[in-house]
Amino acid sequence: MLDAFRWLDERIDVAGLRRALLDRKMPSELSWWHTLGSATLTAFMVQVVTGVVLAMYYAPSPDHAYDSIRYLERGVMSGALLRGMHHWGASAMVVLVLAHMVRVFTMGAYKYPREINWLLGVALLFIVLGFGFTGYLLPWDQKAYWATAVGTNIAGTTPVVGGILVKLLRGGSQLGAATLARFYALHVLLLPISLGAIVLVHIALVVRQGIAPRPHVLETGAPQRTDHPEYAAYYRTTYQRSKSAGVPFWPQIVAKDLVVGAGVVLVIALLAGIYGAGLEAPADPTDASYVPHPEWYFLPFFELLKLVPGSMESVVAVGAPAAIVLALLLLPLFDRGSTRSLGQRPASRFGMFAILGGMAMLIGSSVREEAPTAVAPEVGRPLTSVERAGRALFKRQQCGGCHAVGSEGGAEKGSDAPDLTEVGLRHSGAWLHSFLEQPERFHPDTKMPAYGPPSLSHQEIEEITRYLASLRGKNWATATPEFRDTFPETDQRKERKP
Amino acid sequence: MALLQWRESKLPSPPEPGPALMPRRGFLEFLSGVCAAIAAVFIGLPAVRAFFSPALPKPKVDSWVRVADDVALLDVGVPIRLDFVQTVEDAWVESRTLNSVWLYTEDGERFKAYNGHCTHLGCSYVFNQERKNFFCPCHGGEFDVKTGEVIAGPPPRALDDLKVEIRDSAVYVDYRDFRLGVPERVEA
């Protein structure tokens, strides 16, 4: 053991490496917030390890992608857990990258001399989001397909280059086989290589420059601005003093990083074990009624697009991300005040809380809005895609103008149109379908218009039927339907007979 | 400057290296090791299990294949090659593969069935009419028709014989593949 160490040491100076990496001193009083960078790295390692094994069980082709994921979930030991960890690890990465960024921002750590590392960090943030966007498509289920359809369409609204951009993203004009192969290549080749390379430089710079101490350390007696001729000298002496009074990286700092790292891994594994990654029905490009939802970290952007009028959409869709990128890139170059504590940087404080607050509000409003789609209140459970289509038709055809469902609709008090809150308990689907097509056959003097072709197609009638059949009132879970279907005695077929 | 010094006096003084520090340092090293191990196990275990999943024994599937409809139509004393299509679950793809067995009988009652792959490297062998034995064209292996034993060439073991059953005058073979190129007979 000792001989092996000496053998290595003579050749590659392991002891020197150890002195430079592990024994180097760090400013004391580093907070727990300083562990967020290494926590992000830990989450990235989770993604690398789980991702490599996932790739062994994945086929990037629309014919097989979904089946291969299902095989992984059902036929491979720990397959579901592995995929769950990759899924939750992705969210963890976004959370941790953002938290790390907020930490660096609030402590003014992006200021002299760490501007370059801030810029690299901004690049890393967008690579992580790129991972999220490309990875979302790979399972090729409904959610994946439709969220990517919308996502690429947003890129398509870019002025001038939109048309080319959407074709570049999709590998053609339609979302399909070429898109999947393209996203896969980006997700497992280009993005990991870019991320790995930039992370290496990012960390090498931290080792070379030393970690930024708490803000107050670099404020006392500092020149007003970091581009002041004496600031460099001030910084060097102050930082050196703080460092020499500090603690060695190993084991003091490493222990903290590893405690947080282990916590991150445990949380990811726990979420994966409890919730898994979820797999919806296979992608169906013909099911236009599917309402896609992007991954939560794209929600603020998605929600923002809902708030702007259509004519402004392309401006916001491209302008908002561009403005954020530009602001993040320009921040360290223009903000040269030497004050680092957020408490004494009112403009920065306002900007940060405005952006974070805005994002939180957008996510919040989006979640609130999603709730009714997740569980339809009048039905008491999530609707199937056919039922959702039926409900959309129900609204479009103004059925609620006469009929009440729950507390909604049935405008006129005196309206004698039946309350449909529990119609699914009274009538079978077959009866409802026939009735919708030709109500006058059932009640000759009904005010209900006939919706059969040509006003609605048979399929649309069936969609409304399925929605109506799902309406079972407040006690939907326990109530048993008692159909009181009465069909008109004169059947059409009989009538047609000579 | 005075302010700066005041600030510094507020900083905790750096721990002096000495015997008193050793338990703390030792504890931190221990803690680091434990946390690193927890992270490694929770990341590594599912990955390793999923990676090794294909190497574990699979539940047995019925491997009996109907290779001939009427036993009475088979030649006696001359081996016959029977091809059949098998539907195989290949991970997430259901594929159909063409396999073959050689069937041989001397009395029309007792049958020998051999896996159609040469035990050397898996080529399909043929029946040599002149020398009355099986001949593999890839590397010149020769096998005895009655027993499957190696007569000449590089094959490491006799042909893999399979169980045969006659049910309602149809011929069924318990088709299995074995590891190739090794002297012992191990199922693949």
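Read the figures in this text as sums done on the coordinates, not as results from a lab. For clarity, every value in this text was computed on a predicted model and none was experimentally measured. Cβ coordinates were reconstructed from backbone atoms using ideal geometry, including for glycine residues, and neighbour counts include every protein chain displayed.
Just check segment A:277-401 against the gyration tensor rule for me: Cα atoms, a ≥ b ≥ c as the square roots of the eigenvalues, rounded for a/c under 1.5, and otherwise prolate or oblate depending on whether a/b exceeds b/c. It is prolate, given that a/c is not under 1.5 and a/b is the larger ratio. Shape analysis of segment A:53-192 places it in the oblate category; the axes a ≥ b ≥ c from the Cα gyration tensor give an a/c of at least 1.5, with a/b not above b/c. Backbone geometry of segment B:34-49 corresponds, through the Karplus equation with coefficients 6.51, -1.76 and 1.60 at θ = phi - 60°, to 3J(HN,Hα) couplings of 4, 5, 4, 5, 4, 4, 4, 5, 6, 7, x, 4, x, 5, 5, 4 Hz, x marking Gly and Pro. Under the simplified labelling scheme, the residue A:198-residue B:97 pair shows an inter-label distance of 4.5 nm, with each label point 7 Å from Cα along Cα→Cβ. For the pair residue A:395 and residue A:20, label points projected 7 Å from Cα toward Cβ lie 6.3 nm apart.
Rounded to the nearest Hz, the phi-derived 3J(HN,Hα) couplings of segment A:18-25 under the Karplus curve 6.51 cos²θ - 1.76 cosθ + 1.60 (θ = phi - 60°) are 5, 4, 6, 9, 8, 8, 4, 7, where x marks glycine and proline. Legend: mean number of C-beta atoms from other chains within 10 angstrom of residue C-beta atoms, peptide B:44-56, equals 6. Principal semi-axes of the equivalent ellipsoid, √(5λ) from the alpha carbon gyration tensor of the protein assembly as shown, are 59, 50, 21 Å from largest down. Against chain A, whose longest principal axis comes from its Cα atoms, helix A:36-56 is set at around 60 degrees. One Cα centroid belongs to segment B:76-145, the other to segment A:94-166; the line between them spans 58 Å.
Applying both filters, DSSP loop and at most 13 other Cβ atoms within 10 Å, to the trypsin sites (Lys or Arg not before Pro) of segment B:59-132 gives B:60, B:110, B:131, B:132.
For a quick protection proxy, order the peptides A:168-178, A:94-104 by their average other-Cβ count within 10 Å, most packed first. Could you put the intermediate results ahead of the total?
Values: A:168-178: 16.3, A:94-104: 19.4.
In descending order of packing, they fall as A:94-104, A:168-178.
Taking every lysine pair in chain A that is 8 or more places apart or spans two chains, those with Cα atoms closer than 26 Å amount to 17. A Cβ-based charge dipole, computed about the Cα centre of chain A with Lys and Arg at +1 and Asp and Glu at -1, lands at about 1800 debye. Cα axis of helix A:458-469 to longest principal axis of chain A: angle in degrees, 0 to 90, nearest 10? The helix A:458-469 is inclined about 80 degrees to chain A.
For chain B, the cysteines with no partner cysteine C-beta closer than 4.7 Å are B:35.
The modelled label-to-label distance between residue A:416 and residue B:84, using points 7 Å beyond Cα along the C-beta direction, is 7.3 nm. Among the residues of A:43-53, the average count of other protein chain beta-carbon atoms within 10 Å of the residue beta-carbon is 3.
Inter-chain neighbour count for A:236-245: the average number of beta-carbon atoms from partner chains within 10 Å of each residue's beta-carbon is 1. Listing B:84, A:105 from fewest to most neighbouring C-beta atoms within 10 Å gives B:84, A:105.
Treating r as the C-beta distance of residue B:110 and residue B:151 and R0 as 25 Å, the FRET efficiency rounds to 0.70.
Taking 0.36 nm per residue of separation and subtracting the current Cα-Cα distance, fully stretching the chain between residue A:174 and residue A:32 would add 46.3 nm.
Rounded, prolate or oblate, given the Cα gyration tensor of segment A:377-490, with a/c below 1.5 counting as rounded? In terms of gyration-tensor shape, rounded.
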